[in-house]
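Right, one structure below, let's go through it.
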Amino acid sequence: MSANSDFTLAIEDLTVSFDGFKAVDSLNLYIDKNELHVVIGPNGAGKTTVLDLICGKTKATSGSIKFLNKELTDLSEHDIVRAGVGRKFQTPSIYENLTVMENLEVSYPKGRSVLGALMFKRSEQVMAKINEIAKEIMLEDELDTEAGLLSHGQKQWLEIGMLLIQNPQLLMLDEPVAGMSVKEREQTAELLNKISSGRSVLVIEHDMEFVEQIAHKVTVLHQGKILAMGDMASVQSDPKVVEVYLGH
């Protein structure tokens with residue numbers, strides 16, 4: 001099956017070796033527009049490495065990663081972001097001493113050039129976008145709050161907002177609900193379901209209840225290879241998956 005224009009992301013025969021160890025081994029993965037795709041699997045399965053490969057942090061040994069039909073494997077991390085791929089790491093990287101509004105403002109994709117940054121004023125257009133995103137990430141009442149004072153969950157939402165304001169077509173999140181309260185996890189599920197409309201979202205997650213709330217499709221990785229793929233119900237009942245992952 002070769003990638004056609006229908007996929008936001010088409011990964012084909014992707015392999016990366018570290019000193020002879022194949023962390024990702026001949027991986028094929030296709031993600032549609034508007035699809036919320038969750039990757040699960042035991043530690044060391046290669047989940048984070050896949051995100052590292054997509055965003056250019058790690059270079060593939062072989063294989064192809066096409067994003068909206070554009071080959072990513074030769075691009076720099078910066079160019080991949082500019083192409084429309086946003087990634088949130090496990091630890092939130094927000095500016096703790098800036099307000100929520102200022103965090104969103106500095107993430108607004110104005111600074112394509114130094115001149116762009118200098119000419120940038122809080123225009124109505126920018127403020128409208130900031131307010132729209134703040135509402136989406138449930139922080140509209142916290143715009144003047146210093147980010148360092150937010151709860152753990154709110155900090156994670158702010159970082160998602162900082163990515164959303166750049167309007168990525170693919171958003172990648174690494175364990176977004178780790179350390180969250182039950183209520184925050186539920187709100188995050190709602191948020192991710194909302195933002196997967198109009199873009200593709202790729203999530204790595206361990207929390208199975210959360211995966212059930214959000215996943216359109218689930219891929220189970222094991223030792224760098226795909227063990228199973230499908231909807232949550234079929235993956236959960238797959239004997240191979242139960243044996244290596246869910247049985248523990």
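Checking each residue in segment 60-84 for being of a type in the set (S, T, Y) and over 14 Å from Y30 (Cα atoms) picks out T61, S62, T73, S76.
If the requirement is being out of contact with any Leu (no Cβ under 8 Å at 6 or more places or on another chain), farther than 30 Å from I11 by Cα, at pLDDT 95 or above and not hydrophobic (A, V, I, L, M, F, W, C), which of these qualifies: K135, K121?
Working: K121 fails: at pLDDT 95 or above.
Going through K135, K121 in turn, the sole match is K135.
Confirm whether A10 is in a loop (DSSP other than H, G, I, E, B), crowded, with 21+ Cβ neighbours inside 10 Å and not hydroxyl-bearing (S, T, Y). No, not satisfied. Scanning segment 45-78 for residues that are surrounded by fewer than 17 Cβ atoms within 10 Å (Cβ to Cβ), at pLDDT 95 or above and in a helix (DSSP H, G or I) yields nothing. Check segment 212-232 and report whether any residue there is under 12 Å from the mean Cα position of the chain (by Cα) and modelled with pLDDT under 95. Among the residues of segment 212-232, not one is under 12 Å from the mean Cα position of the chain (by Cα) and modelled with pLDDT under 95, which makes the answer no. If the condition is being among the hydroxyl-bearing types (S, T, Y) and closer than 13 Å to A45 by Cβ, then segment 222-248 contributes only Y245.
Taking segment 79-116 as the search range and keeping residues that are small (G, A, S) and part of a loop (DSSP other than H, G, I, E, B), which one is modelled with the highest pLDDT? Within segment 79-116, the match that is modelled with the highest pLDDT is G84.
Based on this model, can you work out whether K225 counts as more than 14 Å from H37 (Cα to Cα), touching a residue at least 24 places away in the same chain (Cβ under 8 Å), of a type outside the set (A, V, I, L, M, F, W, C) and in contact with a helix residue (DSSP H, G or I) (Cβ under 8 Å, 6 or more places away or on another chain)?
Here the answer is no, as K225 does not meet what is asked.
Restricting segment 31-44 to residues that are assigned to a loop (DSSP other than H, G, I, E, B) and touching a residue at least 40 places away in the same chain (Cβ under 8 Å) leaves a set whose member that is surrounded by the most Cβ atoms within 10 Å (Cβ to Cβ) is G41. Exactly one residue out of S26, S17 is modelled with pLDDT of 90 or more, in contact with a strand residue (DSSP E or B) (Cβ under 6 Å, 6 or more places away or on another chain) and polar (S, T, N, Q), and it is S26. Residues satisfying the criterion are absent from segment 234-247 (criterion: surrounded by fewer than 16 Cβ atoms within 10 Å (Cβ to Cβ), at pLDDT 90 or above and aliphatic (A, V, I, L, M)). Hey, can you tell me all the residues within segment 224-240 that are among the basic types (K, R) and in a helix (DSSP H, G or I)? Across segment 224-240, the qualifying residue is only K240.
The values are calculated or read from the model by the stated rules, or taken from the named source; none is laboratory data. Everything numeric here is computed off the predicted structure, so don't read it as measured data. Counting neighbours? That spans all protein chains shown, and the Cβs are built from the backbone with ideal geometry, glycine included.
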